[in-house]
Amino acid sequence: MSKRMHFISGLPRSGSTLLAAILQQNPLFHAGMTSPVSGLFDAVISQFSAGSEFALVVNEEKRRTLLLGLFDSYYKDQADKQVVFDTSRNWCARLPALNSLFPESKVICCVRNVAWIMDSLERQYQKYPFENTRLFNNLAERNTVFSRIDTLGQRDRLVGFAWCALKEAVYGPHASSLLLVDYELLTRSPSDVMRLVYQFIDEPLFDHDFNSIQYNAPDFDHNLGIPDLHTVETKVKINDKKTILPPDLFDSYADMSFWKDLKNSEANIITPEK
């Protein structure tokens with residue numbers, strides 16, 4: 001693949017869409033919200049793994065060729081771009097494969113205090129009280145704020161899976177390819193954060209306009225039953241507010257920011273200057 005591949009992953013409601021909106025201002029970059037590539041990636045591996053009728057006739061070299069072909073095919077229409085960022089929370093759980101296919105690639109992981117992630121999702125839910133969002137499968141899951149938040153936090157659901165995948169990546173053998181970007185820091189100091197992002201991916205710095213950000217995905221959001229979920233405000237700014245979660249529920253998720261102490265990890269993180 002002639003383009004340089006990098007990835008955006010991490011936690012939901014933590015700035016991945018905002019980061020992509022900023023990056024795509026660079027005419028040499030392509031970035032966007034979650035793509036279907038990671039789902040196709042898993043499907044291809046499943047088709048040729050042990051137990052499949054094709055496992056014996058598709059060796060590892062051909063599997064690599066097929067997987068690389070996914071990226072080539074999906075991003076064929078981005079011929080004018082030199083760098084492509086593919087976004088999926090799934091990539092943190094696929095680092096060994098990504099590292100093998102794209103040894104020079106980097107993964108930008110967006111993180112945020114988990115309690116505020118839950119607060120953000122609950123705000124979106126309450127904003128549309130006449131819609132049963134697809135984030136929940138049944139009435140029991142969406143009944144109250146407690147059932148909604150606990151459902152999202154399960155290890156196979158929106159927040160819980162992403163958190164587990166991120167932690168696996170941070171303490172795994174390919175952690176040095178990760179850069180963790182905190183949402184609060186990105187919104188408070190976008191210029192400083194982006195300078196370090198460019199340094200990490202070894203690309204010339206681009207002069208971004210943080211007062212004119214454009215990104216919207218209305219069809220995708222309406223399909224989820226949560227309009228405006230991926231709408232980015234025009235200006236990068238911090239929104240200070242009080243939580244709408246019950247105090248005990250907020251506190252139960254507030255201490256899950258394991259990335260604040262990375263002494264046992266080779267992952268990189270952008271931290272505020274002392």
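Values in this text are rule-based calculations from the coordinates and carry no lab data. Bear in mind that the values here come from a model prediction, so they are computed numbers and not experimental data. Cβ atoms come from the backbone with ideal geometry, glycine included; neighbour counts cover every protein chain shown.
Quick rundown of the values:
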item: Cβ charges +1 (Lys, Arg) and -1 (Asp, Glu), total dipole of the chain, debye; result: 100
item: Among I244, I117, I108, residue whose mean-square fluctuation peaks in a GNM of the chain (springs only between Cα atoms under 10 Å); result: I244
item: In nm, spacing of pseudo-spin labels at R142 and L66 (7 Å Cα→C-beta vector); result: 3.7
item: The chain: most fluctuating residue of F29, F130, F85 per GNM, C-alpha cutoff 10 Å; result: F130
item: Residues S257 and R155, FRET efficiency given R0 of 25 Å [Cβ-Cβ distance, rounded to 0.05]; result: 0.90
item: Linear extension gain, N59 paired with Y74, 0.36 nm per residue minus alpha-carbon span; result: 3.1 nm
item: Cut-off under 5 Å, modelled amide H: who pairs with C109 long-range; result: S9, L179, L180, V181
item: DSSP-assigned coil residues among GluC sites (Glu not before Pro) in segment 15-96, each with at most 12 further Cβ atoms within 10 Å; result: E53
item: Residues K242, K235, K81, sorted so that the one with the fewest Cβ neighbours within 10 Å comes first; result: K242, K235, K81
item: Zone of S2's modelled label, taken as backbone nitrogen in segment 78-103 under 11 Å from a point 7 Å along Cα→Cβ; result: 79-82
item: Mean separation of Cα contacts under 8 Å, 6 or more apart, over the residue count of the chain: relative contact order %; result: 26
item: Percent of alpha-carbon pairs separated by more than 31 Å within the chain; result: 28
item: Least to most buried among S9, S88 (fewest other Cβ within 10 Å first); result: S88, S9
item: Exposure proxy ranking, count of Cβ atoms within 10 Å, fewest first, for T151, T144; result: T144, T151
item: Size of charge dipole - segment 1-144 - debye, nearest 20, with Cβ of Lys, Arg +1 and Asp, Glu -1, no other charges; result: 280
item: Whole-Å distance, taken between Cα centres, linking segment 52-69 and segment 101-131; result: 33
item: 20 Å Cα cut-off, lysine pairs counted over segment 4-269 (separation 8 or more, or different chains); result: 6
item: Relative pair counts by distance (%), Cα atoms of segment 112-199, 10 Å bins; result: 14, 36, 29, 17, 3
